[in-house]
Structure formats: structure tokens, C-alpha cells
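Bear in mind these aren't lab numbers, they're just calculated from the coordinates by the rules spelled out. Quick caveat: nothing in here was measured; it's all calculated off a predicted structure. Ideal geometry is used to build each Cβ from the backbone, glycine not excepted, and the neighbour counts take in all protein chains shown.
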Amino acid sequence: MTRWVDVRDEVPELAAAVEALFASGTNKTMASLRADGSPRISGTELEIGDDVTLGMMPRSRKLADVERDARVAIHSPTLEPPAEPTQWAGEAKLAGRLVPIEHTGDGPPGSYFALDVGEVVLTRIASSGDRLVVEQWHPGRGYERIERE
């Protein structure tokens, strides 16, 4: 299992930027797979520590999806872009498989998971304002930066 602490160790600057975007608001968006294979988008909250962790309410559709197929993608909160595109903080995405964990906190009853990180992506506008910059990291493949005009 690839933990968030592993990402921090390998690509600390990327991890810090992604953490900042995920911390920019409470509500994130998670994609899971329905029984027929079509996508479902749900709101979610998560915490980033040594692991990326989140919980789900008992009997929720999102929980049923994850119990059937643990693959998910999670998007950082969406922030309104500023008038100057180069000042946009960007957006962050995580993907991987959710692994059940025991919940030891004071949170509500439910099912709790840690993300086995399969992908980390940060998208933003270059400081020149003329290119999209995509930074990504995958376990086993490492870091890559792509610029698109």
C-alpha cells in the first residue's frame, strides 16, 4: 500500500501543494463506480496525515460502491479563479483504492478508509500565463511535469 507519507517522502513540494489545495475548503468531490460500472460523484470530507483518510455513512450509496469496487478519484475543493489566471492556486486530484481501517476517533458511526495512493495530480497555470502545467506522481513511475499551450 502506498501511503501519503510515502508521497511526501518522494515528492515533498508536490505533496505540500496538493495538501494546501485539499485544505482550502471542507467539501471535496469523490468519484466511485456504480454496480453497472457508470461513475457516481459524491461530496466527501477527508483528512491528510500520514494517510489520506475518510469515512462514509452506513448504508450510503457511496459506501456500497466502494465495498464493491474500491477504486476512487478525489478532487480538491473547487475555488473560483481570480481575474488574473496566473494567481489561480490550481486544482489537485488523488486516485487509488480505498482500504478499510479501524476508526479510533470521535467521529460518527460509519465505515472508514485510507487511500492506497495510485496517482497524485496538480494542475495550474504557468507563471507566464500562456501554458497549463500538470505535475503528476505515480508509485513506481515517479514524478512527471507536463506543460501544454
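Separation of the range 49-65 and the range 1-19, taken as the distance between their Cα centroids, equals 21 angstrom. Sorted from longest to shortest, the spans of the Cα atoms of the chain along the three principal axes equal 48, 33, 31 Å. Rounded to the nearest 20 debye, the dipole magnitude of the range 1-129 is 580 debye, with +1 charges on Lys and Arg beta carbons, -1 on Asp and Glu beta carbons, and the Cα centre as origin.
Between residue 102 and residue 88, the simple label model (points 7 Å from Cα in the Cβ direction) yields a spacing of 4.5 nm. Loop-resident GluC sites (Glu not before Pro) (DSSP state other than H, G, I, E or B) in the range 51-129 with no more than 11 further Cβ atoms inside 10 Å of their Cβ: 102. Entry note, the chain: the mean residue ellipticity at 222 nm calculated from DSSP H runs of n ≥ 4, each adding -39500 (n - 2.57), is -5000 deg cm²/dmol after division by the residues and rounding to the nearest 500. Run through the range 21-113 and list the trypsin sites (Lys or Arg not before Pro) located in a DSSP loop whose Cβ has at most 15 other Cβ atoms within 10 Å. Sparse-neighbourhood loop trypsin sites (Lys or Arg not before Pro): 34, 59.
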